[in-house]
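The values are calculated or read from the model by the stated rules, or taken from the named source; none is laboratory data. Just so you know, these numbers come straight off a predicted model, no measurement behind them. Don't worry about glycine lacking a Cβ; one is built from the backbone with ideal geometry, like all the others, and counts go over all protein chains shown.
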Amino acid sequence: MREANKIICNQCERELKIEQGYLKEGSFSVDYAFGYFSSKDGVRHKFDLCEECYDKMVSRFRIPVEVTTNHELL
Ligand SMILES: [Zn+2]
């Protein structure tokens, strides 16, 4: 959840660390607009998770997250 100069984890309500306007820890931010074939057509969902809550969420996936690194872009 975002407030003025603040990002708060929607799951655990912890305020993420921001210094001089820069986020200083890992976070997972979603801003997703559901499309026409969804029952939520036209509805937008926004939330932020701290890295710990993100890890908890994906640990419940039956198929693990596909992990790649950005190294090949360098
Ligand atoms: Zn959290």
| note | When every residue in segment 2-20 that is assigned to a loop (DSSP other than H, G, I, E, B) and modelled with pLDDT under 95 is compared, the one surrounded by the most Cβ atoms within 10 Å (Cβ to Cβ) is Asn5
| note | Within segment 18-74, residues touching a helix residue (DSSP H, G or I) at 6+ places or on another chain (Cβ under 8 Å), of a type outside the set (Gly, Ala, Ser) and touching a residue at least 24 places away in the same chain (Cβ under 8 Å) come out as Glu25, Phe28, Leu49
| message | Tell me yes or no: at least one residue of segment 36-47 is within 24 Å of Lys6 (Cβ to Cβ), within 15 Å of the ligand (Cβ to nearest atom) and not in a strand (DSSP E or B). | response | no
| Of all residues in segment 26-74, which are surrounded by 12 or more Cβ atoms within 10 Å (Cβ to Cβ) and charged (D, E, K, R)? | Lys46, Asp48, Glu51, Glu52, Asp55, Lys56
| remark: Of the residues in segment 21-35 that are at pLDDT 95 or above and among the aromatic types (Phe, Trp, Tyr), the one that is farthest from Cys50 (Cα to Cα) is Phe34
